[in-house]
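K.L.:
Supplied in structure tokens, the structure appears directly below.
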Amino acid sequence: MSMMLRGLMGACAMTALAAPALAETLTIATVNNGDMIRMQKMTKPFTDANPDIQLEWVTLEENVLRQRVTTDIATKGGQYDIVTVGNYEVPIWAKQGWLTPLEDMGEDYDAADILPPIAEGLSLDGKLYAAPFYGESAMIMYRTDLMEKAGLEMPERPTWDFVYDAARKMTDKSAEVYGICLRGKAGWGENMAFLTSMGASYGAPWFDMEWKPQFSGEAWKKALTDYVAIMNEAGPPGASSNGFNENLALFQTGKCGMWIDATVAASFVSNPKDSTVADKVGYALAPEGEKPQMWLWAWTLAIPSSTDAPDAAKKFVAWATSKAYTEQVAAAEGWANVPPGTRTSLYENPAYLEAAPFAKPTLDSIMSADLANPTTVEVPYIGTQWVGIPEFQALGTAVGQQFSAALAGQASVEQALQMAQQIAEREMARAGYPK
């Protein structure tokens, strides 16, 4: 071997040894809500500490996110390394082997600090399969000035009748102020999240113990009739197109007297940077009918089993759902704006309790949610604003389209319920229920 060749080989070897390791790119699919968008802007501490990991974000509207992630993970497409999913999907997908268990998250992670109802909903056989970024239940956010003007005082947990009366009295359509804003956009996680939990509080389940759909029952008729009536009387125009984000914008701009939705919205309606009514917001527990309206949801970060970067993905998930990240948000945005509803320690933190007047009703709502007993009758499924079966995504959206049509005046309540019953009967028979 010539000296020149030997020198060239030595130089190549030295270059290879000196070259930095190729960076791993994590593709993260997430939802376009405020907390998740904020997280994308606050990743510098993570990327500084992990220069060998690059982050690529795919941020999607809620319904689109669910469709794309479900398709990718079911086909093991491997398009995403981390996915944003809810506590509906996690146990179903974990059982299918589609998710990586989150073990060995680091000494400082403290998984035992996760609120028990949230942790239980994200576990299978004692193993955690997704880490909660934030957790939520449902609450009433209301304008204290409009409530006072109406001559009413909001109870800690009102009845539906109180809510309907207040909505009518708070409405001033000439001033574009609407007494109540509720989800109307079709989707299993949009209008059907609200209507499933509302229906359950009326004593209206999706199925009886033999998996027979119950939309032909009187309880569903009363619940949907009341919903359509109050939204026509005291809701905003175009409500059948409104989901979480649209109603948030309406409330923040002073156009809603009351908004019944996820507790996570409380920090957004009370933030003076974004809300014109930040100093005029009160909070109450979700309404009570035959049973209190219950809701339990967590937006979580999970790692598909198809990822080729499981260790890097676990590093990011551990960072984004850690106590340290919460403290980072608090330092930048104030304690009232940290991701809520996931850790016991947050609700023992005096700084948070002082800054967040919605902390107590949020915690009370989360801790009182009972996934196994969502309504007044025994049911064969778990879920408060969803039904814990794989078929619910398609079925919930199909029924949601019928109910959205009723709200838009394109069908009567009776027609919407009849169609919902037929759709549910057909799809459950096709899926082989009862199993």
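The values are calculated or read from the model by the stated rules, or taken from the named source; none is laboratory data. All of these numbers come straight from a predicted model, not from anything done at the bench. We place every Cβ from the backbone using ideal geometry, glycine too, and count neighbours over all the protein chains shown. Just so you know, the surface numbers come from the protein's heavy atoms only, side chains and all, with ligands and any DNA or RNA stripped out. Shrake-Rupley method; radii C 1.70, N 1.55, O 1.52, S 1.80 Å.
K.L.:
Restricting to region 324-346, and then to whatever is over 20 Å from the mean Cα position of the chain (by Cα) and over 21 Å from P272 (Cα atoms), can you tell me which residue is most open to solvent (accessible area, probe 1.4 Å)?
P.N.:
A324
K.L.:
Quick check on Q79: is it touching a strand residue (DSSP E or B) at 6+ places or on another chain (Cβ under 6 Å), closer than 17 Å to P310 by Cβ and surrounded by 12 or more Cβ atoms within 10 Å (Cβ to Cβ)?
P.N.:
Against the criterion (touching a strand residue (DSSP E or B) at 6+ places or on another chain (Cβ under 6 Å), closer than 17 Å to P310 by Cβ and surrounded by 12 or more Cβ atoms within 10 Å (Cβ to Cβ)), Q79 does not qualify.
K.L.:
Out of the residues in region 212-230 that are out of contact with any helix residue (DSSP H, G or I) (no Cβ under 6 Å at 6 or more places or on another chain) and part of a loop (DSSP other than H, G, I, E, B), which is nearest to A420 (Cα to Cα)?
P.N.:
Q214
Per-residue answers, yes or no, for (1) part of a helix (DSSP H, G or I); (2) open to solvent by 30 Å² or more (accessible area, probe 1.4 Å):
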{"site": "Q385", "(1), (2)": "no, no"}
{"site": "I389", "(1), (2)": "no, no"}
{"site": "A394", "(1), (2)": "yes, yes"}
{"site": "T397", "(1), (2)": "yes, yes"}
{"site": "F403", "(1), (2)": "yes, no"}
{"site": "A406", "(1), (2)": "yes, no"}
{"site": "A411", "(1), (2)": "no, no"}
{"site": "Q422", "(1), (2)": "yes, yes"}
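K.L.:
Given the conditions (1) assigned to a helix (DSSP H, G or I); (2) within 30 Å of V85 (Cα to Cα); (3) β-branched (V, I, T), and given that V163 satisfies all but one, which numbered condition is not satisfied?
P.N.:
Result: V163 fails condition (2) only.
K.L.:
Looking only at region 272-292, filter to residues that are of a type in the set (G, A, S) and in contact (Cβ under 8 Å) with a residue 40 or more places away in the chain; which one of those is surrounded by the most Cβ atoms within 10 Å (Cβ to Cβ)?
P.N.:
Among those residues, the one meeting the criterion is A286.
K.L.:
I've got another one for you. Would you check if there is a residue in region 131-144 being over 23 Å from P357 (Cβ atoms) and either open to solvent by 30 Å² or more (accessible area, probe 1.4 Å) or in contact with a helix residue (DSSP H, G or I) (Cβ under 8 Å, 6 or more places away or on another chain) (or both)?
P.N.:
Yes, because at least one residue in region 131-144 is over 23 Å from P357 (Cβ atoms) and either open to solvent by 30 Å² or more (accessible area, probe 1.4 Å) or in contact with a helix residue (DSSP H, G or I) (Cβ under 8 Å, 6 or more places away or on another chain) (or both).
K.L.:
Can you pull out every residue in region 161-186 that is within 30 Å of V64 (Cα to Cα), open to solvent by 20 Å² or more (accessible area, probe 1.4 Å) and basic (K, R)?
P.N.:
Within region 161-186, K185 is the sole residue that qualifies.
K.L.:
Still on this structure, I have one more. Restricting attention to region 176-211, report how many residues are under 30 Å from G254 (Cβ atoms), hydrophobic (A, V, I, L, M, F, W, C) and assigned to a helix (DSSP H, G or I).
P.N.:
5
K.L.:
Provide a single number: the residues in region 339-359 that are touching a residue at least 24 places away in the same chain (Cβ under 8 Å) and either of a type in the set (A, V, I, L, M) or farther than 15 Å from T263 by Cβ (or both).
P.N.:
3
K.L.:
Return the residues of region 231-249 that are part of a helix (DSSP H, G or I), more than 20 Å from L60 (Cα to Cα) and either open to solvent by less than 20 Å² (accessible area, probe 1.4 Å) or of a type in the set (V, I, T) (or both); say none if nothing qualifies.
P.N.:
M231, A234, A239, listed by residue number.
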